[in-house]
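Down below is the structure, laid out as C-alpha cells.
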Amino acid sequence: MLPEAPTASAQHAGVQQAEPAYAIRAEGLCKSFGLISAVHEVNLSVKGETIHGLIGPNGAGKTTVFNLLTKTLLPTKGRIFFHGRDITTLSPADVARLGIVRSFQISALFPHMTVRDNLRIALQRRAGLATQFWLPMRSLNRLDDRADELIATVGLGKFAERQAVELPYGRKRALELATTFALDPAVMLLDEPMAGLAHEDIEPIGSLIKTMAAGRTVVMIEHNLNVVARICDRISVLQRGEIIAEGSYDAVSADPQVRLAYMGNEDDE
Ligand SMILES: Nc1ncnc2c1ncn2[C@@H]1O[C@H](COP(=O)(O)OP(=O)(O)O)[C@@H](O)[C@H]1O
Ligand SMILES: [Mg+2]
C-alpha cells in the first residue's frame with residue numbers, strides 16, 4: 001500500500017497563522033487501552049524548524065503519542081494542532097497530506113531493488129505519479145536528478161546501484177531516512193532512529209538527521225541520550241503516560257524527577 005504523498009509546507013495546507021511558532025501542539029491528550037492509561041493529559045508544544053526529543057522509559061507512551069499525531073490512533077480525549085489548525089479529527093491520509101510523516105521502517109524498503117530505485121519510488125509517491133503509466137521524459141529526468149541529490153545527501157554514492165538488501169545495517173537506516181526525506185515532509189516523526197545501530201553508525205546517522213531537519217520540524221523518540229543531547233533543541237520527558245519535564249537537555253537532565261525516572265529504570269538504557 002502506498003502512503004499518501006504529503007505537501008511540503010504549511011502554506012499548501014491552507015494553514016492559519018495564529019500560532020506560527022508551533023508546528024505541532026497537543027493539548028490534554030489522553031489515550032486509554034481498556035484500563036491502561038497509555039497517555040494521560042499530555043501537553044506537547046513543538047516549535048517549527050526544531051528537533052524535539054521525546055524520551056522516557058519503555059512503556060511510557062512515546063510511540064502512542066506518535067500514533068496519535070499521525071492519527072493511527074484516535075485520542076480518548078484532547079486536541080492536536082498543526083500550525084494552529086485543529087487536526088484532531090482528520091484522517092491519517094489527510095494528516096500525511098499536510099506533511100506530517102512518520103519514518104518508514106527498514107522493512108518497508110524494497111529489498112531487491114537498488115538504492116536509486118527505492119528512492120525513485122519514494123519520489124514518485126511524492127509527485128503523485130505512481131498511478132501514471134506514461135511520463136514525459138522531463139519528469140523522469142527530474143526524478144533521477146532528485147534521487148541522485150538524495151543519494152549524495154545521505155552518503156550512499158557508492159551504494160547507488162546496490163540492492164537494498166545488500167547494504168550494511170547503518171546504510172539501510174540512511175536509505176530508510178532518505179525515503180522518508182524524499183517526501184519532503186513538514187514534520188518528520190522518527191521512532192528510535194538509533195535502535196539497532198552499531199556504535200560507529202550512531203554519530204553519522206545523528207548528523208544526517210540534523211542535516212535533514214534544516215527547514216523542517218523533527219520529533220524524535222530516542223533512547224540514546226548522547227544523541228538527544230547533541231541534536232535535540234528541546235526535550236519532553238514522558239513517564240507512565242505523563243510529561244514530567246520539558247526543556248533543554250541540560251535543564252531536563254538536571255531535573256530530580258527525571259533523574260529518578262531514569263535511575264528507577266536502568267534496564268531501559
Ligand atoms: N494497541 C495497544 N493496545 C493495548 N495496549 C497498548 C497498545 N499500544 C500500547 N499499549 C500500552 O500502552 C503503554 C505505552 O506503550 P508505548 O506507547 O508503546 O510506550 P513506549 O513507546 O514509550 O515504549 C504500554 O503499557 C503499552 O503496553
Ligand atoms: Mg515505543
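The values are calculated or read from the model by the stated rules, or taken from the named source; none is laboratory data. Since the structure is predicted, the reported quantities are computational estimates derived from the model, not experimental observations. Cβ sites come from the backbone with ideal geometry, for glycine too, and all protein chains shown count toward neighbours. We work out accessible area using only protein heavy atoms, side chains counted, and drop any ligands, DNA or RNA first. Shrake-Rupley method; radii C 1.70, N 1.55, O 1.52, S 1.80 Å.
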Q.
If the requirement is being open to solvent by less than 10 Å² (accessible area, probe 1.4 Å) and more than 16 Å from ligand 2 (Cβ to nearest atom), which of these qualifies: Ile55, Ile87?
A. Ile87
Q | Qualifying residues in segment 182-235 (those that are over 14 Å from the mean Cα position of the chain (by Cα) and of a type in the set (Asp, Glu)) - the one surrounded by the fewest Cβ atoms within 10 Å (Cβ to Cβ) | A | Glu200
Q | Segments classed as helices (runs of 4 or more DSSP H), wholly inside segment 194-255, with at least 3 members that are over 22 Å from Glu41 (Cβ atoms) and not assigned by TED's automatic domain parsing to the domain that holds Val42 | A | 199-213
Q) If a residue has to be under 17 Å from Thr180 (Cβ atoms) and in a helix (DSSP H, G or I) to count, how many in segment 86-114 make the cut? A) 9
Q: Check Thr70 against each of (1) under 17 Å from Arg216 (Cα atoms); (2) surrounded by 20 or more Cβ atoms within 10 Å (Cβ to Cβ); (3) within 14 Å of ligand 2 (Cβ to nearest atom) and name the one condition it does not meet.
A: (2)
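Listed here are the residues, each with its yes/no results for (1) of a type in the set (A, V, I, L, M); (2) at pLDDT below 95.
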{"position": "Tyr22", "(1), (2)": "no, no"}
{"position": "Gly28", "(1), (2)": "no, no"}
{"position": "Ala38", "(1), (2)": "yes, no"}
{"position": "Asn58", "(1), (2)": "no, yes"}
{"position": "Thr63", "(1), (2)": "no, no"}
{"position": "Ala96", "(1), (2)": "yes, yes"}
**Q.** Qualifying residue in segment 33-48 (condition: open to solvent by 50 Å² or more (accessible area, probe 1.4 Å), without any contact (Cβ under 8 Å) to a residue 60 or more places away in the chain and more than 16 Å from ligand 2 (Cβ to nearest atom))
**A.** yes
Q) Restricting attention to segment 106-120, does a residue exist that is touching a Lys or Arg at 6+ places or on another chain (Cβ under 6 Å), surrounded by fewer than 19 Cβ atoms within 10 Å (Cβ to Cβ) and among the hydrophobic types (A, V, I, L, M, F, W, C)? A) yes
Q: Exactly one condition in (1) outside the structural domain of Gly28 (by TED's automatic domain parsing); (2) within 15 Å of ligand 1 (Cβ to nearest atom) is not met by Phe110; state its number.
A: (2)
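Do we find that Leu143 is assigned to a helix (DSSP H, G or I), surrounded by 14 or more Cβ atoms within 10 Å (Cβ to Cβ) and modelled with pLDDT under 90 in this structure? Walk me through how you get there before you give the answer.
Values: assigned to a helix (DSSP H, G or I): yes; surrounded by 14 or more Cβ atoms within 10 Å (Cβ to Cβ): yes; modelled with pLDDT under 90: yes.
Answer is yes for this residue.
Would you be able to tell me the number of residues in segment 62-85 that are out of contact with any strand residue (DSSP E or B) (no Cβ under 7 Å at 6 or more places or on another chain) and in a strand (DSSP E or B)?
Residues meeting the conditions: 1.
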